[in-house]
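Report on one structure; see the data block that follows.
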Amino acid sequence: MVIADQEKAKIDDVLARAGHAPSSSRYIKNYQRAVGKVIKRLTMETMEWAEKTAKEWNDTHPPPEIQAR
(Lines give C-alpha, C1' and ligand atoms only; values in the text may rest on other atoms or scores of the structure.)
Protein backbone atom coordinates (compact mmCIF):
# COMPACT_ATOMS: atom_id res chain seq x y z
CA MET A 1 0.00 0.00 0.00
CA VAL A 2 2.90 2.35 0.75
CA ILE A 3 4.41 1.94 -2.71
CA ALA A 4 1.01 2.09 -4.41
CA ASP A 5 0.33 5.39 -2.64
CA GLN A 6 3.73 7.05 -2.98
CA GLU A 7 4.52 5.87 -6.51
CA LYS A 8 1.02 6.15 -8.03
CA ALA A 9 2.17 8.39 -10.88
CA LYS A 10 4.92 5.96 -11.89
CA ILE A 11 2.54 3.00 -11.73
CA ASP A 12 -0.02 4.85 -13.83
CA ASP A 13 2.72 5.75 -16.32
CA VAL A 14 3.78 2.10 -16.71
CA LEU A 15 0.17 1.12 -17.34
CA ALA A 16 -0.44 4.00 -19.76
CA ARG A 17 2.66 3.13 -21.77
CA ALA A 18 1.32 -0.40 -22.06
CA GLY A 19 -1.94 1.00 -23.41
CA HIS A 20 -4.11 0.31 -20.36
CA ALA A 21 -6.58 3.10 -19.63
CA PRO A 22 -7.53 3.77 -15.99
CA SER A 23 -10.60 1.87 -14.79
CA SER A 24 -10.43 -0.57 -17.70
CA SER A 25 -10.33 -4.27 -16.98
CA ARG A 26 -6.85 -4.48 -18.53
CA TYR A 27 -5.64 -1.71 -16.20
CA ILE A 28 -6.88 -3.63 -13.18
CA LYS A 29 -5.60 -6.95 -14.52
CA ASN A 30 -2.08 -5.57 -15.07
CA TYR A 31 -1.88 -3.35 -11.97
CA GLN A 32 0.22 -5.77 -9.86
CA ARG A 33 2.65 -6.29 -12.72
CA ALA A 34 3.09 -2.51 -13.01
CA VAL A 35 3.68 -2.22 -9.26
CA GLY A 36 6.35 -4.90 -9.54
CA LYS A 37 8.09 -3.02 -12.34
CA VAL A 38 8.08 0.19 -10.31
CA ILE A 39 9.41 -1.61 -7.23
CA LYS A 40 12.32 -3.05 -9.24
CA ARG A 41 13.36 0.50 -10.19
CA LEU A 42 13.28 1.95 -6.65
CA THR A 43 16.47 2.93 -4.91
CA MET A 44 17.61 1.11 -1.79
CA GLU A 45 16.84 4.22 0.27
CA THR A 46 13.28 4.37 -1.04
CA MET A 47 12.77 0.66 -0.36
CA GLU A 48 14.05 1.06 3.20
CA TRP A 49 11.74 4.03 3.73
CA ALA A 50 8.78 2.09 2.32
CA GLU A 51 9.50 -0.91 4.56
CA LYS A 52 9.74 1.33 7.62
CA THR A 53 6.54 3.14 6.70
CA ALA A 54 4.69 -0.13 6.05
CA LYS A 55 5.74 -1.41 9.47
CA GLU A 56 4.52 1.81 11.11
CA TRP A 57 1.19 1.58 9.26
CA ASN A 58 0.81 -2.08 10.27
CA ASP A 59 1.60 -1.29 13.91
CA THR A 60 -0.87 1.60 14.07
CA HIS A 61 -2.81 2.48 10.94
CA PRO A 62 -2.29 4.51 7.75
CA PRO A 63 -2.84 8.27 8.00
CA PRO A 64 -6.50 9.35 7.63
CA GLU A 65 -5.97 10.78 4.12
CA ILE A 66 -4.61 7.41 2.98
CA GLN A 67 -7.46 5.53 4.65
CA ALA A 68 -9.97 7.78 2.88
CA ARG A 69 -8.77 6.58 -0.50
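The values are calculated or read from the model by the stated rules, or taken from the named source; none is laboratory data. Quick caveat: nothing in here was measured; it's all calculated off a predicted structure. We place every Cβ from the backbone using ideal geometry, glycine too, and count neighbours over all the protein chains shown.
Taking first residues from the stretch 41-67 that are closer than 15 Å to ALA4 by Cα and partners that are surrounded by 10 or more Cβ atoms within 10 Å (Cβ to Cβ) and among the small types (Gly, Ala, Ser), the Cβ contacts under 9 Å between residues at least 6 apart in sequence or on separate chains come to LEU42/ALA50.
Every residue, every condition in (1) outside any loop (DSSP other than H, G, I, E, B); (2) at pLDDT below 95; (3) out of contact with any helix residue (DSSP H, G or I) (no Cβ under 6 Å at 6 or more places or on another chain), yes or no:
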site: LYS37; (1), (2), (3): yes, no, no
site: ALA50; (1), (2), (3): yes, yes, no
site: PRO62; (1), (2), (3): no, yes, yes
site: GLU65; (1), (2), (3): yes, yes, yes
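Quick one: in the stretch 33-52, which of the residues that are surrounded by 11 or more Cβ atoms within 10 Å (Cβ to Cβ) and more than 13 Å from the chain's Cα centre (by Cα) is farthest from ARG17 (Cα to Cα)? Result: LYS52.
Give the residue that is surrounded by the fewest Cβ atoms within 10 Å (Cβ to Cβ), with candidates limited to residues of the stretch 1-32 that are of a type in the set (Val, Ile, Thr) and in contact (Cβ under 8 Å) with a residue 24 or more places away in the chain. The extreme case among them is VAL2.
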